[in-house]
Amino acid sequence: MTDFQSLGLSDGLLSAISENGYDTPTPIQKQSIPLILQGRDLMGLAQTGTGKTAAFGLPLIDRLLEEGRRPAAKGTRALILAPTRELVNQIAKSLVSFLKDTPLRVTSVVGGVSINGQVKRLSRGTDILVATPGRLLDLVDRDAVKLATASYLVLDEADQMLDLGFIHALRRIAGLVARERQTLLFSATMPKQIDELAKSYLKNPARVEVAPAGKTADKIAQSVHFMDQKAKTDFLIRQLQDKPDGVSLVFCRTKHGAERLMRKLSQNGLSAGSIHGNKSQGQRERAIRGLREGEINVLVATDVAARGIDIPGVSHVYNFELPEVAEAYVHRIGRTARAGAEGEAVALCAPEEIALFRQIEKLIGIEIAVASGDVPPMAAAASRQKRGNGARGGNKPARAQSSSGSNDNSAQAKKPRRRRPNGRKKAA
């Protein structure tokens, strides 16, 4: 099979694919599309940027067109769940591009924007609903959408949905959609929980794996610079100033850290924006549009942006702070070298981050080239981190998956238990 025509898609959809400039399917598309057209449940494992949206979107559209039904009021025929607002919007935009001259409707719902407009759009029903779990359940609780008519369920980037604490939301949603359904699960990594999720929700699924978990794109040139944390900002500014024509993404661990860094870059004459959980949906969309249209050339982000941003021409990804979950590194640098292009991933590693760096190398299975600085010994780095934590009162960095600040998973977070100043619980 060398082109889309050989995959079994309908003539009308093949015409839309051609108009969108696609001629050769990616490996995940080649393997997944025929199986989905057969009605099989499927578990797809592929790294970010490999064309997973079309892998499930094209056969899903084909099957919905073949059925020829109309959606019921407040109902949906197919439900696609994704972990972040950006990914939901990207999926919806991609699907719409294939629906020219068809009666199918795509509706997307995310947090961070008014729910009233979403309630109104859903009132007449939709063929394909793309949603974040948190906002979807808000709409379910308002009786604005009925999921029992959904005979297709897609879980995209399932591993990140689990990282963000959506497991209970997924269980509830799975119980609301039609029992007789086709379920598709796509994930970039395969932790134990994903395997358990697949066994719970998929029936005799076909398994498609086109890249080992943790594998990075071949055309990404990776390097690391070792330095003290305090030296990182000036170093990054010099790097960005030396590449005035580059389009760069810079990743931080926390929302406040990302905002501070963006302001520092702007003060030094760089055209920069930021995207994180403290930004409204409109602000996030304007920042992404600004980078895409060349109004800015540096976007500082938390891991909320590691999946779901598809911006052609991103030349560099800078890990200003290393993620505390190694898999997040793969998703971060996957924002460059997309669709066969080349790109660079540059990590800035402080001594207290050396353990995180070694975890990343272990995951991706390669030694990242050292561009500058001396590699700190693990023991010294651990001692330094321990002393630093003690000086800060024992505070530890926030976990990478929660520092993204995505408002859509706020209902999933557990509040810390209050303790009295002496450390004893308050008496009942």
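The values are calculated or read from the model by the stated rules, or taken from the named source; none is laboratory data. In this text the structure is predicted, and so the values were computed from the model without any measurement. FYI the Cβ positions are ideal-geometry reconstructions off the backbone, even for glycines, and counts take in every protein chain you see.
Answer with yes or no whether Ala82 is within 20 Å of the chain's Cα centre (by Cα) and free of Cβ contacts under 8 Å to residues at least 40 places away in the same chain.
No; evaluated as a whole, the condition is false for this residue.
Within region 342-364, identify whether any single residue is modelled with pLDDT under 80, outside the structural domain of Glu157 (by TED's automatic domain parsing) and exposed (fewer than 12 other Cβ atoms within 10 Å of the Cβ), and answer yes or no.
no
Residues Pro83, Pro71: which one is buried (at least 24 other Cβ atoms within 10 Å of the Cβ) and either farther than 29 Å from Pro312 by Cβ or not small (Gly, Ala, Ser) (or both)?
Answer to the selection: Pro83.
Between a first residue in region 344-372 that is at negative phi and a second residue that is of a type in the set (Phe, Trp, Tyr), which pairs have beta carbons less than 6 Å apart while being 6 or more apart in sequence or on different chains?
Val346/Tyr318; Leu348/Phe320; Cys349/Phe226; Cys349/Phe357; Ile360/Tyr329
Conditions tested, residue by residue: (1) buried (at least 16 other Cβ atoms within 10 Å of the Cβ); (2) β-branched (Val, Ile, Thr).
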{"position": "Arg172", "(1), (2)": "no, no"}
{"position": "Arg179", "(1), (2)": "no, no"}
{"position": "Thr189", "(1), (2)": "yes, yes"}
{"position": "Val208", "(1), (2)": "yes, yes"}
{"position": "Ala258", "(1), (2)": "yes, no"}
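For the condition touching a residue at least 40 places away in the same chain (Cβ under 8 Å) and either more than 26 Å from Ala55 (Cβ to Cβ) or outside the structural domain of Gly57 (by TED's automatic domain parsing) (or both), what is the one hit in Ala169, Ala148?
Every option except Ala148 fails the conditions.
Which one of these does Thr50 not meet: (1) closer than 14 Å to Leu95 by Cα; (2) part of a loop (DSSP other than H, G, I, E, B); (3) touching a residue at least 60 places away in the same chain (Cβ under 8 Å); (4) among the hydroxyl-bearing types (Ser, Thr, Tyr)?
It fails just one condition, (1).
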